[in-house]
Amino acid sequence: MREYNTNSSDLRSVSGDWGVWYRYTHGVAGEKFFQEMKASRQLTGSVCPKCKRTFVPASMYCEDCFVQMTEYRPVGDTGTVASFTVLHESLEETPLAEPLVAAFVQFDGVAGGLLAPLRGVQPGQVQIGMKVKAVIDKEQPTGTIVDLAWVPA
Amino acid sequence: MSKVAVLGAGMTKFMRRSLETGRELCWEAADAALQDAGLTIADIDCVVIVTAPDAFDGVHMKGEYLLDGAGAKGKPMVRPYVGGGSGVFGPIAAWYHIASGRYRTCLVVGEERMSPTQPHPQGAFNAIYDQFTERPLGVNLLWIFSLEMMRYMQVYGIPLETIAQVAVKNKRNAKDHPACQLGAELTVEQVIESEVMSYPVRRLMVSPVTDGAAAMVLANEEFARKKGGKHVWVEGVGWALDTSYWTNRDLCYPEYVEKAARAAYKMAGITKPREEIHVAEPYDPFAYKELHHLEGLMLADKGQAPKLLEQGYWDRDTTNGIPASPSGGLLGVGNPIAAAGLMKAAEIYYQLSGKAGARQVQRNVKRGLAQAWGDLMQVGTVIVMGV
Amino acid sequence: MDTKLRGTALREDDLRSGRVLTTEWRGKIQYTWDAGVAIGQFLDGLKAGKLLGRKCQQCQRVVIPPRMFCEICFRRSDEWVTLKDTGRINTFSVSYVNWDASRRTTPQVPAVIEIDGASPGMGILHMLGEVGESLEQVLASVQVGMPVQAVWKPAEQREGQITDVLYFRPVK
């Protein structure tokens, strides 16, 4: 027979948190990506010497050919919304003052894509396939992904 | 069941903090192992990724995160987990993937980045303690090691100076390891006078926080023979865990390492390990652990490994003993948890195939073992290889 | 073995100075853990000033911390046992390091204490107190095998936590 205690005032618990936080490096390719973004406000991809595809964000190795990629190139600033979602709540489940559109954008002839907020358009007006332009923070760039946003092209 | 050979190994430098992400470290190690084996990723049928707590890299679902760097895109991949024991469990898992007959080849990649954890990776370990009966006491990872070390020393009457010699030996051995960034010539005095962390553990008895990756390629007999050349074979594997109630067992002896070793020796047909094992890589995150593990591996009687150390029995250039940690181990080369165990397994492969360079042991070696340990300090994983 | 290994080592200063870019994440990861049946009762025992163990009739072990199943026989354990609040030191340490690797000026003295009334070797983790403030003093006052006694918080201050026992001190 199993005991199931359904009297919640009997239940004992303890709370705690994780205690540690994290500082990540971006990697060999990621460093290149973010330094370029910070310095010249460009988005950088890497080119596989074997299959010739370009990947964004830049990666150190081709995931299919498994060879090193040492050639980098800008992928331009105009892309297409491949998918999006509209956020109404924060991570803590509190309502956002304004809904946030998160858009996954791909670039012509480039594998991969980038996820960032899409601004300057009503959520109801966002469509898969719409063209957007990258806007990279130049006032106070952090050299991280939060510097990136999209606006309708 | 198919026989399984080790075709190649590779690794990155072991660094205090790498620029590379975990995935990039995986690729660097995997590429090196494939090159050593003379193969490409297309030759790999399945991948085993070993990496210890997600809490170090700070990336959830770490196996999935690392997989494309580990060559696992589109391939069967599994991430077996036994904490610090994982590094040696990787090749064990590769063994059963292949021995089952299902896969011809397997790439094992072991990775760890400890540098992202702030303020210090040690803090991530707090969660291994019970949240009710232990954490409220203000616990600290070092306590488990220092409590175990104290018990071991007390029960067998082991002097601190002898334990310090393990650090001296391994840090010196590590000077010849290409992955090592900080090999050193230390004296016993320097070790026993280094800062008290948690008595009796002193700073120079603790392996350093490290980022790194290692990789190994294994294959079935048919594939290996087709490649040609002389091979290193997996002859025995074993693994065992003890209770998580670590305060309920006597810390002076690792029973679970003995159980794992017995299983590996039985599979390898070894009845006299002290004669039949010619080189060993016991897990050495702390200086005393190497001795503790050598006894668990039954390569020395209980409490006797330190005496043998004093006699030079475990030295790299011994001719009538068993060289232990010729690589320089975790103490010397570094401790990127899962990658460290795999580095030790790779060392046995290098020693048995004569590829260990300046670290090549003096005595003739035909059989060796690597052992790792971890989880809540209660897992033993053992692999025996031979030529 | 290849002697030229890949890997780009950085120094702390490279990151702190911002020469190499980093992304920080301080996620709020919080938990509320339920004590479960056995530990729930164990904590109640602590509040009442008692150390409780659990007995398995099959292997006859009396275990602490208590558990509702015997992990060796792999069956439900059978009865609660009130243990003594004395024991013997199985091992101890003198720690000058905090959980986050920061250093302490005064040490903490953790120990594994085999509790009287439980099976032999059945220890719990707790702290030693009244054993000195320096490494030398602690090493002079503490030996493995020494009998110790729990020092409890006064009843009205107990919360049903392991810290209801302040520490164990040498039996005089």
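Quick note: the coordinates plus some simple rules give every number you see, no bench work behind them. For clarity, every value in this text was computed on a predicted model and none was experimentally measured. Note: ideal-geometry Cβ built from the backbone for every residue, glycine included; neighbour counts use all protein chains shown.
Amide H to amide H distances under 5 Å link B:Gly334 with no residue, where only residues 5 or more positions off or on other chains count and H is placed in the peptide plane. Cα-based values for segment B:254-387, radius of gyration first and Dmax second, are 13.2, 36 Å. Computed about its Cα centre, the charge dipole of segment B:153-302 is approximately 460 debye, with only Lys, Arg, Asp and Glu carrying charge at their Cβ. Find the percent of Cα-Cα distances in chain A that exceed 22 Å, and round it to a whole number. Percentage above 22 Å: 55. Using a cutoff of 8 angstrom between alpha carbon atoms and counting only pairs six or more residues apart, the relative contact order for chain C works out to 19 percent.
Cβ-to-Cβ counts within 10 Å put B:Met385, B:Met267 in ascending order as B:Met267, B:Met385, the fewest first. Across the options B:Gly8, A:Gln42, C:Cys73, the greatest Cα extent toward the positive end of the charge dipole of the protein assembly as shown (unit charges at beta carbon of Lys, Arg, Asp, Glu) belongs to B:Gly8.
In chain B, taking the dipole from charged Cβ atoms about the Cα centre, the farthest positive-side position among B:Asn140, B:Pro76, B:Ile192 is held by B:Pro76. Using a 4.7 Å Cβ-Cβ cutoff, the cysteines of chain C lacking any partner cysteine are C:Cys59. Could you tell me how many degrees, from 0 to 90 and to the nearest 10, lie between the Cα long axis of helix C:36-47 and the main elongation axis, the longest principal axis, of the Cα atoms of chain C? The helix C:36-47 is inclined about 70 degrees to chain C. The dipole here belongs to chain B: it is taken about the Cα centre, uses +1 on the Cβ of Lys and Arg and -1 on the Cβ of Asp and Glu, and is about 860 debye. Taking amide H as placed 1.01 Å from N in the peptide plane, the amide H of B:Val232 sits under 5 Å from that of B:Val6, each at least 5 places away or on another chain. Beyond 31 Å in Cα-Cα separation lie the following of the pairs C:Lys28/C:Lys84; B:Lys302/C:Lys50; B:Lys302/B:Lys366: C:Lys28/C:Lys84; B:Lys302/C:Lys50. When the alpha-carbon atoms of chain B are used, the pair Rg, Dmax equals 19.1, 59 angstrom. Backbone phi angles across segment A:38-44, fed through the Karplus curve with coefficients 6.51, -1.76 and 1.60 (θ = phi - 60°), yield HN-Hα couplings of 6, 7, 10, 6, 10, 9, 10 Hz in residue order; Gly and Pro are listed as x.
Classified by the C-alpha gyration tensor, the protein assembly as shown has an oblate form. Its axis ratio a/c, with a ≥ b ≥ c, is 1.5 or above, and a/b does not exceed b/c. Of the residues B:Val382, B:Val201, the one with the fewest other Cβ atoms within 10 Å heads the list, and the complete ranking is B:Val201, B:Val382. Per-residue ellipticity at 222 nm, computed for chain B from helices alone with -39500 (n - 2.57) per DSSP H run of at least four residues, works out to -10500 deg cm²/dmol. Distant-in-sequence amide contacts of A:Leu87, defined by a placed amide H-H separation under 5 Å and a gap of 5 or more residues or a different chain, comprise A:Leu100, A:Val101, A:Ala102. For segment C:93-172 and segment B:121-177, what is the centre-to-centre distance using only Cα atoms, to the nearest Å? Measuring centre to centre over Cα atoms gives 18 Å. Selection among B:Ala345, B:Cys252, B:Gln181 by position relative to the dipole of chain B gives B:Ala345 as farthest towards the positive end (Cβ unit charges, Cα centre). Who wins for biggest fluctuation among B:Ser207, B:Ser198, B:Ser325 in a Gaussian network model of chain B, springs between alpha carbons below 10 Å? Highest fluctuation among the options: B:Ser198. Counting other Cβ atoms within 10 Å as a rough exposure proxy, the listed residues C:Thr22, C:Thr82, B:Thr210 run C:Thr82, C:Thr22, B:Thr210 from fewest neighbours to most. Backbone phi angles across segment A:87-96, fed through the Karplus curve with coefficients 6.51, -1.76 and 1.60 (θ = phi - 60°), yield HN-Hα couplings of 8, 10, 10, 7, 4, 8, 6, 9, x, 7 Hz in residue order; Gly and Pro are listed as x. Inter-label distance, A:Gln140 to B:Asn320: 7.3 nm, where each label sits 7 Å from its Cα along the C-beta direction. Remark: segment A:24-152 carries a charge dipole of roughly 580 debye about the Cα centre, counting +1 on each Lys and Arg Cβ and -1 on each Asp and Glu Cβ. Quick note on segment C:97-159: its Rg to Rh ratio, both from C-alpha atoms and Rh being the Kirkwood radius, is 1.01.
When the Cα gyration tensor is reduced to axis lengths a ≥ b ≥ c, the ratio a/c is 1.5 or higher for chain C, and with a/b above b/c it is classed as prolate.
Need one word for segment B:302-358: rounded, prolate or oblate. Basis is the Cα gyration tensor (sqrt eigenvalues a ≥ b ≥ c); a/c below 1.5 gives rounded, then a/b vs b/c decides. Oblate, because a/c is 1.5 or more while a/b does not exceed b/c. Each Cα pair under 8 Å and six or more residues apart adds its sequence gap; the mean of these over the residue count of segment A:24-152 is a relative contact order of 22 percent.
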